[in-house]
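The values are calculated or read from the model by the stated rules, or taken from the named source; none is laboratory data. Here the structure is a predicted model, which is why all the values come from computation and not from measurement. Here the Cβ is made from the backbone with ideal geometry for all residues, glycine too, and neighbour counts use every protein chain on show. Surface accessibility is based on the protein's heavy atoms, side chains included, excluding ligands, DNA and RNA. Shrake-Rupley method; radii C 1.70, N 1.55, O 1.52, S 1.80 Å.
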Amino acid sequence: YVQNFHKPENKVLVVHCPEAFTNVTMMSPGKVEEMIRDTQVKVKKLQEKFMAKLNEKGITGDFHSLQGDKPGSAIVDCACENSAAIIVTGTRGMGKLRRTIMGSVSDYIVHHSPCPVLVCRHKDKN
């Protein structure tokens, strides 16, 4: 995005959706609280990391952490609420079987977004 699309007048909204907790009803309240604290620490570190990157590049932006068990829907809703001009998302590179069972966040976004979507893959590490 920064190298190919960014313009100085753009405002970047970095959005993160922490993975939802599963089977919390089977956990002790202490364990659930520990998981919540760990997630909050991880989100805070991500926020600091991405805000530092934006500042380093001189880019105006914000960081949002979205809650919910459906990240694709949360991202599309956030894009609507913030009148996004484009959504740039990554892909985790799941295999076809796992993607079929679990669903694909990027696939959901592509099919439900109110604006254009750019899905980026990681460069090969070879």
Quiz item: What accessible area per residue, rounded to a whole number of Å², is obtained for region 1-62 using a probe radius of 1.4 Å?
Solution: 80
Practice problem: Could you check how much of the accessible area of region 1-77 is carbon and sulfur, as a whole percent, using a 1.4 Å probe? | Solution: 52
Quiz item: Given a Förster radius of 25 Å and the C-beta distance between Cys115 and Ala52 as r, what FRET efficiency does 1/(1 + (r/R0)^6) yield to the nearest 0.05?
Solution: 0.40
Exercise. At 7 Å along the Cα-to-beta-carbon direction for both Glu81 and Asn10, put a label point, then send me their distance in nm to one decimal.
Key: 2.2
